[in-house]
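The structure appears below as structure tokens.
Here, each number is a calculation from the coordinates, and none is a lab measurement. These numbers were taken from a predicted model, which means no experiment stands behind them. Positions of Cβ are backbone-derived with ideal geometry, glycine not excepted, and every protein chain shown enters the neighbour counts.
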Amino acid sequence: MDETTSLAVWDVPMPVVAGEKFPIKVGVKSASGRALAGGRVEVSDISGKVLASGMLGDAPWAGTEALYWVALDVPAPAKEQIAEYAVRFAGDDTSTSHFSVAATARPEHRLTVNVTEQSTAAALVGVEIRLGPFHARTDAAGQAELRVCKGEYQLQLWRTAHNAKPKPITINGDASVALTMVHVPEDHPDARWVK
């Protein structure tokens, strides 16, 4: 019986280390909600070569009714590059999904970033930190730790209703940096209609 399925790929790390394996999760759901336990999932490179495969588990992902899933370890490219992968559910040749990763050299240094709100000095949770291909989010203490490669970067921060200019930073070893963000009140989306 032909039945439409949809695929989801999540928990893809960014970046990955060239030449090593990285973990992902893949989920498949049928349009009718049919159980897909034991179905085969395959991850291929851009040429179509299957790099990883596995069987969907017996139970759906928590909080869903019929998203059956599997955790897979996928080989990263051998050298530093952006690589694209295709994911296919073997029970449905029309159901595919794509994702890409940035493969880097093995990070050799640790950068600790502390972020506070400028006017209150309060720790900011959930700040997205980007340093080239390396990403992290601050915890409840306003701190994040990134494993990074030696080099020159623009350290960028992002958080809703806050602003900070990019900061140039050179990584030659382990380092720590404290940054602040300015609170920028968001306009109410209905402000022009409210008088």
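Using C-alpha pairs below 8 Å separated by at least 6 residues, the relative contact order for segment 109-183 is 39 percent. For segment 1-64, applying the loop criterion from DSSP together with a ceiling of 10 other beta carbons within 10 Å to the trypsin sites (Lys or Arg not before Pro) yields 49.
As a calculated quantity, the FRET efficiency between residue 3 and residue 82 at R0 = 30 Å, using C-beta atoms, amounts to about 0.30.
Taking the Cβ of residue 23 as the centre, find all other residues whose Cβ is under 14 Å away and add up their charges (Lys, Arg: +1; Asp, Glu: -1). Before the final figure, lay out the partial values.
Details: positive: 21, 25; negative: 11, 20, 73.
Taking every Cβ under 14 Å from that of residue 23, the sum is -1.
What the phi angles of segment 152-157 give under the Karplus curve with 6.51, -1.76 and 1.60, with θ = phi - 60°, is a coupling list of 9, 9, 10, 7, 10, 10 Hz, glycine and proline written as x. Among the trypsin sites (Lys or Arg not before Pro) found in segment 61-111, those both in a DSSP coil and sparsely packed, with 12 or fewer other Cβ atoms within 10 Å of their Cβ, are 79. Based on the Kirkwood radius over alpha-carbon pairs, what value in µm²/s does the Stokes-Einstein equation return for the translational diffusion coefficient of segment 109-183 at 20 °C and 1.002 mPa s? For these conditions, the coefficient is 176 µm²/s.
Between residue 125 and residue 17, the C-beta separation translates, for a Förster distance of 25 Å, into a calculated FRET efficiency of about 0.35.
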